[in-house]
1. Mind listing whichever residues of the range A:609-625 are of a type in the set (F, W, Y) and at the interface with chain C (Cβ under 8 Å from one of its Cβ atoms)?
2. Could you list all residues from the range A:188-235 that are under 23 Å from A:G324 (Cβ atoms), in contact with a Gly (Cβ under 9 Å, 6 or more places away or on another chain) and not aliphatic (A, V, I, L, M)?
3. Would you say D:K13 is in a helix (DSSP H, G or I) and touching a residue at least 40 places away in the same chain (Cβ under 8 Å)?
4. For the structure I just gave you, tell me whether A:A543 is surrounded by 11 or more Cβ atoms within 10 Å (Cβ to Cβ), within 30 Å of A:L402 (Cα to Cα) and touching a Gly at 6+ places or on another chain (Cβ under 7 Å).
5. What are the residues in the range C:89-111 that are more than 7 Å from chain A (Cβ to nearest Cβ), over 15 Å from A:L622 (Cα atoms) and either touching a Lys or Arg at 6+ places or on another chain (Cβ under 6 Å) or of a type outside the set (A, V, I, L, M) (or both), if any?
6. Name the one entry in D:G166, D:G150 that is closer than 24 Å to D:M256 by Cβ and surrounded by 22 or more Cβ atoms within 10 Å (Cβ to Cβ).
7. Just to be sure I understand, how many residues within the range D:175-201 are over 16 Å from D:T128 (Cα atoms) and within 11 Å of chain C (Cβ to nearest Cβ)?
Amino acid sequence: MNVLPLWLIPLFPLAGFLLNGIRGRCLPKWQVTTLALAAPLASFAVVLNAARRFAGMPIVETCPFPWIEVGALRIDFSFVLDQLSLVMLLVVTGVGLLIHIYSVGYMAEEKGYARYFSYLNLFLFFMNVLVLAGNALVMFIGWEGVGLASYLLIGFYFEKNSAANAGKKAFLVNRVGDFGFLVALFLLIANFGTLTFTEIATKIAACAGWQGGVITVIALCLLLGATGKSAQLPLYVWLPDAMEGPTPVSALIHAATMVTAGVYMIARLHVLFAHSPFALGIVAIVGAATAIFAATIGLAQNDIKRVLAYSTISQLGYMFLACGVAAYSAGIFHLMTHAFFKALLFLAAGSVIHGLGGEQDLRKMGGLWKKLPVTFAVTTVGVLAISGIPPFAGFYSKDAILYAAFVQGPGGMALWLVGAITALLTSVYMFRLWYMVFLGKPRSEDVHPRESPWTMLGPLVALALLALGGGWIGIEHFSSFLAPSTGPLSLEAVTPHLERNLSIAAVGIALLGWLIAHILYYAKPSAPATLAGAAPRVYKLIAHKYYVDEIYSAVLVKPLLLFSRCFLGWVVDGAILGGLAWLLAALANLGGMILQRWQSGNLRSYAAWIAAGAAALLLYALVPWNALWPLSLDTLLKGMGH
Amino acid sequence: MNGFLAQQVPLSWFLLLSAALFALGIVGFLFKRNLITIFLSIELMLNAVNLSFVTFASQWHAVKGQIFVFFVMMVAAAESAVGLAIIIAIFRVRATLAVDQIDRMKR
Amino acid sequence: MHLIFFLIFAAFCLAGAVNLLVQTHPINSALSLIVVMISLAVLYLLLGAEFLAAAQIIVYAGAVMVLFTFVVMLLNAGSEERTHGSHAAYSIGLPAVVAIFAIIATVLLRAQGLGTVGPANAITTTEELSTVLFTELLLPFEVTSVLILIAILGAVALASKGRGEANAPKERSQR
Amino acid sequence: MTILPFILWSLLKVIVATVILLMGVAYTVLLERKLVGRIQNRWGPTRVGPFGLLQPLVDGAKSFLKEDVIPAHVYKPLYLLAPILSLGCALILIGVVPFGEPKIGPAGMNLFEISNTNIGLLVILAVTSMGVYGVVLAGWSSNNKFSLLGSLRSSAQMVSYELALGLSLVGVVLHSGTFNLRSIVEQQATLGIASWNVFGGLQFLGFFIYIIAAFAETNRSPFDLVEAESELAGGYNIEYSSMKFAMFFMAEYGNMINVGCVATLLFFGGWTSPLGNLIPPPQNILIHALFPLFWFVLKVFSFLCLYVWVRGTLPRFRYDQLMNFGWRVLLPLSILNIVATSLWLAFR
């Protein structure tokens, strides 16, 4: 078992980041490109090598020196490679590599080419650290690092105010989640005395009857962290705004990899959730609610990337739903297929935007299938995959999740229902997008679309193939492979009937959604408007994304601002601190006025004072005060003590 | 005659001399107006201290006391080089060596 | 013999130091200090520190004081001016000096166990001195050499006319 | 040891040595005038006495008898002090110089040296370093710009070259392991010329640095910028006349003799013969006593001739050349000599 050292995997992107970040400005473009592509390629090669030789036993690699050692607590800098992280690594480096290649074409004309790629490599570095982490603290480093890279890349066009604000928003909202994660880390240290995943598992296993209690608290804190990073209710608000970044970034970070870190984290720490049914239920409810909530918003969005963003939130909800019903492998399976088809859809959208010269509004597109044939083809694959139509990848994973939910009993039925409705909505808005972009008549005159270069189309085709065939591995194989890491997928009451019926129902739902979209957006283009007119309030509510941003602004941001300005600004800073400062200044001034006569600048006066000081010191040191004066300072202090 | 020759000198006399020289050095520092003379007074104080070092080295039969004086000499040499350079620099700017007139940092 | 020498050269010392204070011209003060230093060298000899006696004359009287006289001559320093710049020097400094001397003298006169020196006392040879200096105290010795190097550089930098100062007289003449 | 004979004998030795030294000084002047004359293809003094041998006495008498002028504007105390200091420093050095093999005389005294001290070499350096004050004070107290320039030059020059001078002797000290001049000489006696420090001690470089630096210390040509007749009209002693001038003059030649003595002692085996201990000492007590004295005087005499020869041959340095040479050539070379010597001593 000669696996190359694990630390090589994050090392290459880090090297790429450092080289491009420091020297990139001065290098010619082809060298920047080579460097930027070599990093993920090398990482991917190492991961492939590891995957080929992986024999089922987790590989742990620990830095020989202790990283943090406080009392009994010892935290090492360790990496671990097991089934879960292997799958994740394949997705991260593989999709990452494709998106790097795509970016070469997409970003070719942009300023800050080297900066872009150095950030992208930085992201890949931190993502690899996150995935490979052998304990929660290393994971936290990756967690924060991807947040940083995400912030930098969302604000890549920092000249644009909206982009800069979106970056800040993402950063701040993520802080709320990170707070949860940190509290969970502290609780873990306090209760288990370790942060290493395997040790936590053994310590929990040691007392099998331990349910709920502090574990629930830890799990809920972790869930808060996960909702922040993975854009779940209530912390999803940053993700739609994050679309301000370049489209490949949206594909890589905000669809395929980083936002799935929450799912990964829950799967990684599933032992905690397994001992807290309550937390698990909350996970499922959050997932289901987010899924349907985001899907409804997605129906009414007109920005191509925002539709995809809400779709991403919705699909992430699916993954949480899967985790919530303890079907972690199903969640990871969906994570993988979603990475393929959502990256594909984002990149295809990017190709459309690129072809239209930056246009993102769905209402100005239409009939592009002739002009952008390859993009059209791959988008079709993506849409079919996300809608869950066999034999595309999405069908298998979504089916697995819905099935896993369904078999959970009555509560599971409800979850299944929500999931099914979400699937319908997903199908509707995805085909809506498909119809509005590619079919029908061109809605705008002044667009001159041109097909993208092959550096962009190549990755698209590759991802399309993955989106087509990624699910054929089947949930049974996948979950049995993952079983050592995430536990077996417990599908009781497995009856072939039920599974087949549910699959047929899911396909039927997806086809129904297609039909609705066909009617509304192709056959009868005027229908949506009448529909919106029929229920204007509902339409307005959805179109304004349920006013969540406004509510957050009114409930949280505005009062906080008011508090800062009035109390902190006027009272604390102005009156108390300012007054104190003024008082101190006045005192200093007064003292200075008195003392400045001393500071005459005359050397001899200074010397006189020095001599006086020396005389005083000598007097103090050499004269036996105790003998002269019975009440010396020492006796005085002693007397006070008694 | 020989008895007189063998007469011992108490070490405290050396120390008293050292103290007197030191005090005279301080007085020089306080009451001399010329920068160079003030500097000379500092050297006088250093020498006074050196004398007490050598005396104590003799008292305790310790070589290190003498080595300390050796170090003081080296440091004093360095100090006088820098100090005199400073005096030259001051004189170049102020055209005077009277300390009472050199009481501003700015020109 | 020691007593005679001590009395003679202690007297020279004190006379030189007092003369340093009394003289108004810096060159006289410097010469008085040389007298003090040479007398001190003799006292070192009495105390058995023969290497220090030679070093005292070579380093102090022969190098440092030459530098002083050189600077006095270079700056063509005149006699002291009678100025009254500091009252503190009289009102604070003088009592302080008296106090310092009085305290030290009191302590010394009351001290017990201080020895004496006479012809029978051993002489510290240069070998003894250098053995300690180059074994136990090698590091301080080397550090001192660095200090002296820095002092040389500092002195050169201070005394050489910088670019800014070379222009300074011109500016003044323009005003 | 009783004290009174000790004091009397010491006094006697001091007087004899000083008188001989002063006579030596006087005749060194004659030697210089004769030799420089021959170098310049003239006779030098010939009139007074046979070959002009009485010339120094006549010169001395002239100096004594001339009117002793003290200019009105000089700073009198220092003006008077300076020549005394100069000559005093020049004469005092002979006190530590052993000029013959140790011979125990009456009152347990060594006849051929005034005092034998552990730190003889350091005393020589100390007194040399004090010698600068005579020149400096003379120049300053004369209140004359030429004198002042001369003394400024001299103090800078002497301080600069004293460094190289002191460092050049470190090699010898390292080799002999003592500051005691008698021990240094006795160590060079074993193999005669082969064990002299300049050859056997490998102090060839040290000797050259010493002799060059010593020329500068004594303000002799080619380093006589302090006097520099053509530039400073005589330099520091321009305001001096009669006996006070003669004292400076004598100090200069006394210093030459001192340098010759030190070079002889440190580098050329002192009083030992070129064959050293290789030949048995002569049996006759008188010859045994005077034989080393002869060698010592011969060696010093050759150094005096070297002085004169150099003066007759080399032109004067320019001032910047002088400083450059001292700081950039001699000082590094002397440090090199120390390093090389210590390495040799450590690894031999």
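The values are calculated or read from the model by the stated rules, or taken from the named source; none is laboratory data. What you are looking at is a predicted structure, and each value in this text was computed from that prediction instead of being measured. As a convention, Cβ positions derive from the backbone with ideal geometry for all residues, glycine included, and neighbour counts pool all protein chains shown.
1. A:W609 - this is the single residue of the range A:609-625 that is of a type in the set (F, W, Y) and at the interface with chain C (Cβ under 8 Å from one of its Cβ atoms).
2. Answer for the range A:188-235, where residues must be under 23 Å from A:G324 (Cβ atoms), in contact with a Gly (Cβ under 9 Å, 6 or more places away or on another chain) and not aliphatic (A, V, I, L, M): A:F197, A:C221, A:G225, A:T227, A:G228, A:K229, A:S230, A:Q232.
3. In short, yes.
4. Answer is no for this residue.
5. Answer for the range C:89-111, where residues must be more than 7 Å from chain A (Cβ to nearest Cβ), over 15 Å from A:L622 (Cα atoms) and either touching a Lys or Arg at 6+ places or on another chain (Cβ under 6 Å) or of a type outside the set (A, V, I, L, M) (or both): C:Y90, C:S91, C:P95.
6. Within the list D:G166, D:G150, the selection yields D:G150.
7. Residues meeting the conditions: 3.
Condition check ((1) at pLDDT 90 or above; (2) under 21 Å from A:L153 (Cβ atoms); (3) of a type outside the set (D, E, K, R); (4) in a loop (DSSP other than H, G, I, E, B)) across all residues:
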position: A:A42; (1), (2), (3), (4): yes, no, yes, no
position: A:A50; (1), (2), (3), (4): no, no, yes, no
position: A:D76; (1), (2), (3), (4): no, no, no, no
position: A:V91; (1), (2), (3), (4): yes, yes, yes, no
position: A:G96; (1), (2), (3), (4): yes, yes, yes, no
position: A:E110; (1), (2), (3), (4): no, yes, no, yes
position: A:Y119; (1), (2), (3), (4): yes, yes, yes, no
position: A:L130; (1), (2), (3), (4): yes, yes, yes, no
